[in-house]
Amino acid sequence: MGSEPEVMRDKAAMRLWSRSRRSQGKTVALVPTMGFLHDGHLALIRTAHPLADLTVVSIYVNPGQFAPSEDFSTYPSDLTGDLKKLADLGIVHAVFCPSNLYDYEGGFSEMSTADRVSSAVSCIEAEDDGSGHETWIRVEKLERGLCGKSRPVFFRGVATVVAKLFNIVEPDVAIFGKKDYQQWRVICRMVRDLDYAIKIVGSEIVRESDGLAMSSRNVRLSPEERVKALSIYNSMSKAKYTALHEQTTCQEIKDIVIQMVDKAGGRIDCVEVVEQESLVAVEDIRTPVVICVAAWFGKVRLIDNMEINPCGI
Ligand code: AMP
């Protein structure tokens, strides 16, 4: 392709773009992101490219999935850099980067970033006058475990914003990273349960050369924390090797991760060994499972996971 993607900032323009292409018989792939793009995001876009005629990338830091104590206002962003990366990639047809998806009145585009942040947050708070956003999608069981324990509104926010993006972009296929394993499963379930005619594709985790999973949040790690954070990958690798080569219980697998992350100076938020589709915790590894880890390094919470398929399943 090689040409610059069309950049759309409002829902109506995005919907019109997509509808007009679809009416010409074109299929559309959507890659939802929160921006500050890295090679993990670009890999998703490369996965999307052969799956549809047109590829749309959305960039939106969704206030609906952050609790008040979380890092919404400090989430890294660089829209200019992102747009350049997407143009250089040469396979993106449109970029959807709304300033506020919860603005049902219009009029946020002229605001400063700080005003936009507070407006976005207030839009999704329950308003006495009934003007706030009040419809949420809950994928009841899948959202409860793993990261849902320490981030109780997170998956409700993710499912809702992805549904909004699906309704606006109307894609045929959407790509999600397995890096956010629970998120990917929650979206698959939502699509099935709500009859969205959208194929969901899970794309493999992209890592730095030393194994750290790429994440927009990695830039917020100090050099020392960056070294410590590698303990997530190293401990999961050791746990996986042990699971595949020795008779072990899941508790022993989890202990390997807990001890190695702890020793490195990280603070474990969650370690679970769960069945890959239902995300139900298991005690022994007889079926395909995934080790999911969330840990804090300083003020940065990182997540990662590793699938274990016993006997080469
Ligand atoms: P985010 O911008 O962090 O919300 O991520 C947008 C999409 O990119 C999600 O589907 C993530 O799972 C995916 N993603 C982020 N980091 C990676 C990675 N290192 N490897 C694969 N996919 C990723």
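The values are calculated or read from the model by the stated rules, or taken from the named source; none is laboratory data. Computed from a predicted model, the values in this text were never measured in an experiment. We place every Cβ from the backbone using ideal geometry, glycine too, and count neighbours over all the protein chains shown.
Out of Leu165, Leu142, which single residue is in contact with a Pro (Cβ under 6 Å, 6 or more places away or on another chain) and outside the structural domain of Glu275 (by TED's automatic domain parsing)? Before you say what the answer is, go through the steps one by one.
Values: Leu142 fails: in contact with a Pro (Cβ under 6 Å, 6 or more places away or on another chain).
Of Leu165, Leu142, the one residue that is in contact with a Pro (Cβ under 6 Å, 6 or more places away or on another chain) and outside the structural domain of Glu275 (by TED's automatic domain parsing) is Leu165.
If I filter the stretch 253-270 for residues that are touching a Cys at 6+ places or on another chain (Cβ under 9 Å) and in contact (Cβ under 8 Å) with a residue 12 or more places away in the chain, do I get at least one hit? Scanning the stretch 253-270, I find at least one residue that is touching a Cys at 6+ places or on another chain (Cβ under 9 Å) and in contact (Cβ under 8 Å) with a residue 12 or more places away in the chain, so the answer is yes.
For the stretch 292-304, name all the residues that are farther than 18 Å from Thr249 by Cα and part of a strand (DSSP E or B). If the condition is that a residue be farther than 18 Å from Thr249 by Cα and part of a strand (DSSP E or B), then Ala294, Ala295, Trp296, Phe297, Val300, Arg301, Leu302, Ile303, Asp304 are the ones that fit.
Could you please let me know if Arg46 is out of contact with any Pro (no Cβ under 8 Å at 6 or more places or on another chain) and away from the ligand (no atom under 16 Å from the Cβ)? First the steps, then the outcome.
Details: out of contact with any Pro (no Cβ under 8 Å at 6 or more places or on another chain): yes; away from the ligand (no atom under 16 Å from the Cβ): no.
Taking the combined requirement at face value, the residue does not satisfy it.
Of the candidates Ile198, Ile232, the single residue that is touching a helix residue (DSSP H, G or I) at 6+ places or on another chain (Cβ under 8 Å), assigned by TED's automatic domain parsing to the domain that holds Leu51, within 26 Å of Gly35 (Cβ to Cβ) and of a type outside the set (Lys, Arg) is Ile198.
Every residue, every condition in (1) within 16 Å of the ligand (Cβ to nearest atom); (2) within 30 Å of Phe72 (Cα to Cα); (3) buried (at least 22 other Cβ atoms within 10 Å of the Cβ), yes or no:
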site	(1), (2), (3)
Glu6	no, yes, no
Ala12	no, yes, no
Gln24	no, no, no
Val28	no, yes, yes
Pro32	yes, yes, yes
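Taken over the stretch 49-66, the residue count meeting the criterion of being within 13 Å of the ligand (Cβ to nearest atom), touching a strand residue (DSSP E or B) at 6+ places or on another chain (Cβ under 9 Å), outside any loop (DSSP other than H, G, I, E, B) and of a type outside the set (A, V, I, L, M, F, W, C) is 1.
Before we move on, is Thr74 in a strand (DSSP E or B) and either in the same structural domain as Arg301 (by TED's automatic domain parsing) or within 16 Å of the ligand (Cβ to nearest atom) (or both)? Give the steps one after another, and end with the answer.
On the way: in a strand (DSSP E or B): no; either in the same structural domain as Arg301 (by TED's automatic domain parsing) or within 16 Å of the ligand (Cβ to nearest atom) (or both): yes.
Spelling it out, it is not the case that Thr74 is in a strand (DSSP E or B) and either in the same structural domain as Arg301 (by TED's automatic domain parsing) or within 16 Å of the ligand (Cβ to nearest atom) (or both).
Take Arg226 and decide whether it is touching a Ser or Thr at 6+ places or on another chain (Cβ under 8 Å), outside the structural domain of Leu101 (by TED's automatic domain parsing) and either free of Cβ contacts under 8 Å to residues at least 60 places away in the same chain or not hydrophobic (A, V, I, L, M, F, W, C) (or both).
On the way: touching a Ser or Thr at 6+ places or on another chain (Cβ under 8 Å): no; outside the structural domain of Leu101 (by TED's automatic domain parsing): yes; either free of Cβ contacts under 8 Å to residues at least 60 places away in the same chain or not hydrophobic (A, V, I, L, M, F, W, C) (or both): yes.
No, not satisfied.
Applying the condition of being buried (at least 19 other Cβ atoms within 10 Å of the Cβ) and not β-branched (Val, Ile, Thr) to the stretch 185-201 and asking which residue is nearest to the ligand (Cβ to nearest atom) yields Arg185. Please tell me if Pro171 is in the same structural domain as Phe66 (by TED's automatic domain parsing) and buried (at least 23 other Cβ atoms within 10 Å of the Cβ). Yes. Only one of the numbered conditions (1) at pLDDT below 85; (2) over 18 Å from Ile59 (Cβ atoms); (3) in a helix (DSSP H, G or I) is not met by Lys149, and that is (1). Report, by residue number, each residue of the stretch 8-31 that is in a helix (DSSP H, G or I) and touching a strand residue (DSSP E or B) at 6+ places or on another chain (Cβ under 8 Å). Passing the criteria: Met14, Trp17, Ser18, Arg21, Arg22. Among the residues of the stretch 213-220, at least one is closer than 22 Å to Cys270 by Cα, within 13 Å of the ligand (Cβ to nearest atom) and in a loop (DSSP other than H, G, I, E, B). Criterion applied to Phe96, Phe72, Phe66 was being in contact with a Ser or Thr (Cβ under 9 Å, 6 or more places away or on another chain) and at pLDDT below 95, and the one residue passing it is Phe66.
Annotation note: Cβ proximity below 8 Å between a residue of the stretch 298-313 that is farther than 23 Å from Leu230 by Cα and a residue that is at pLDDT below 95 and basic (Lys, Arg) (sequence gap 6+ or interchain) occurs for Pro310/Arg286. Condition test on His49, is it under 17 Å from the mean Cα position of the chain (by Cα) and farther than 30 Å from Glu134 by Cβ? Considered against the rule, which asks whether it is under 17 Å from the mean Cα position of the chain (by Cα) and farther than 30 Å from Glu134 by Cβ, His49 comes out as no.
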